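Below is one structure, written out as structure tokens; the observations come after it.
The values are calculated or read from the model by the stated rules, or taken from the named source; none is laboratory data. On a predicted model such as this, the values are computed, not experimentally measured, just so you know. All Cβ positions, glycine included, derive from the backbone under ideal geometry; neighbour counts span all protein chains shown.
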Amino acid sequence: MSVFASIDLGTNTVRLLVVTGNSKGFTTLHSNQLITRLGEGLSHSGILKDIAMERTIKAVLDFKREASKYSPFAIWVAATSAVREAKNRNEFIEKIREVTGLELEVIPWEEEARRTLLGVFSGLDGNIKKAIIFDIGGGSTEYIFTEDKKLVNSVGTDLGVVHLSEKYIKSDPVDNEELRVLENVIADKIKNVRDRMHSSLITRHSSLLIGTAGTVTTIAALDLNLYPYDPAKVNGYVLNIENVKEILNRLKNMPLEERRNIPALESGREDLIIPGAVIVIKTMEIFGFNEMIVSDYGLREGTIIAKVSEYQNNSMTL
């Protein structure tokens with residue numbers, strides 16, 4: 001069995017996964033994550049800040065050292081929304097190469113959706129016929145429509161929790177008018193997703209809604225009052241829309257400092273959890289779901305599956 005590692009370099013969070021296995025399945029050896037907020041201020045300036053790049057490069061270097069203890073066959077690093085959008089992306093890619101010796105792959109949102117689909121289904125048991133998967137990120141949210149675990153269609157949006165928080169939330173605690181504007185903006189964009197996918201939904205009425213990435217897993221941890229975080233308890237957990245609304249109502253009335261004292265709320269998500277919870281609620285409402293399944297699996301698992309499959313297709317033995 002070979003060892004592989006992937007580093008998911010997102011707008012808000014850097015995630016590491018080290019596994020052993022092959023194209024048919026894998027076992028996790030080690031995982032870690034760190035919030036570096038690479039996309040801080042990106043929506044205003046269009047560039048990655050030096051301090052944000054430094055934080056992120058240090059995290060990648062540290063994660064490379066952690067992964068190297070397992071002697072991986074390969075370490076794959078994939079970047080998403082923040083690096084895709086940044087005017088100085090080439091500078092950042094070169095800095096990653098110089099400092100860490102790793103090649104940074106900047107993937108388009110369509111490939112991000114495909115890999116997320118692979119990752120999510122690698123972690124969920126059961127015969128899932130039809131589903132909508134949504135992946136809330138710091139810079140974007142992707143909606144993936146599936147049938148028989150295959151991609152039917154996908155729609156990318158600019159609903160990123162970092163961007164939304166910076167643009168719409170100015171008060172502490174959150175002002176009711178600010179929240180109303182935020183809710184309307186998010187609802188309009190999700191309705192657009194639904195309308196764009198209308199023909200697919202008519203012929204492929206989805207039976208499940210599945211959410212992935214840090215916002216969704218954090219809301220699940222809050223609902224479970226779970227600390228320390230346990231992926232085994234979160235993956236496959238069913239969230240009820242009324243519970244998510246209760247969590248949002250509780251958090252929006254708290255100042256940031258008070259939210260920081262909630263053990264189940266991951267440090268660094270105190271501000272982002274507000275727009276994140278709104279995306280979850282509006283997605284459930286607009287697509288007509290009272291419940292959704294939480295996936296702790298996603299892009300970093302999907303990157304390994306996709307890359308291992310590439311090697312297999314090239315007739316390499318793993």
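Helices (runs of 4 or more DSSP H) fully within the stretch 210-318 that include at least 2 residues being within 14 Å of the chain's Cα centre (by Cα) and touching a residue at least 24 places away in the same chain (Cβ under 8 Å): 214-224, 273-287, 299-313. Scan the stretch 231-248 and tell me whether some residue there is assigned by TED's automatic domain parsing to the domain that holds residue 170, modelled with pLDDT of 95 or more, farther than 17 Å from residue 136 by Cβ and surrounded by fewer than 13 Cβ atoms within 10 Å (Cβ to Cβ). Yes: the stretch 231-248 contains one or more residues that are assigned by TED's automatic domain parsing to the domain that holds residue 170, modelled with pLDDT of 95 or more, farther than 17 Å from residue 136 by Cβ and surrounded by fewer than 13 Cβ atoms within 10 Å (Cβ to Cβ). Among strands (runs of 3 or more DSSP E) entirely within the stretch 49-162, having at least 3 residues that are touching a helix residue (DSSP H, G or I) at 6+ places or on another chain (Cβ under 7 Å) and assigned by TED's automatic domain parsing to the domain that holds residue 209 singles out 130-136, 141-147, 150-157. Test residue 157 against the criterion of being surrounded by fewer than 23 Cβ atoms within 10 Å (Cβ to Cβ) and either in contact with a Leu (Cβ under 6 Å, 6 or more places away or on another chain) or closer than 22 Å to residue 108 by Cβ (or both), and give yes or no. For residue 157, the condition - surrounded by fewer than 23 Cβ atoms within 10 Å (Cβ to Cβ) and either in contact with a Leu (Cβ under 6 Å, 6 or more places away or on another chain) or closer than 22 Å to residue 108 by Cβ (or both) - is met. Here is a check on your reading of the model: is residue 130 touching a Phe, Trp or Tyr at 6+ places or on another chain (Cβ under 9 Å) and surrounded by fewer than 23 Cβ atoms within 10 Å (Cβ to Cβ)? It is true that residue 130 is touching a Phe, Trp or Tyr at 6+ places or on another chain (Cβ under 9 Å) and surrounded by fewer than 23 Cβ atoms within 10 Å (Cβ to Cβ).
Residue by residue, here is whether (1) buried (at least 18 other Cβ atoms within 10 Å of the Cβ); (2) modelled with pLDDT of 95 or more holds:
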{"site": "275", "(1), (2)": "yes, yes"}
{"site": "282", "(1), (2)": "yes, yes"}
{"site": "292", "(1), (2)": "yes, yes"}
{"site": "297", "(1), (2)": "yes, no"}
{"site": "311", "(1), (2)": "no, no"}
{"site": "314", "(1), (2)": "no, no"}
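Looking across 67, 74, 78, one residue alone is more than 17 Å from the chain's Cα centre (by Cα) and surrounded by 21 or more Cβ atoms within 10 Å (Cβ to Cβ). It is 67. Filter the stretch 8-26 down to residues that are in contact (Cβ under 8 Å) with a residue 12 or more places away in the chain, out of contact with any Lys or Arg (no Cβ under 7 Å at 6 or more places or on another chain) and on the phi < 0 side of the Ramachandran plot, then give me how many there are. Qualifying residue count, the stretch 8-26: 12.
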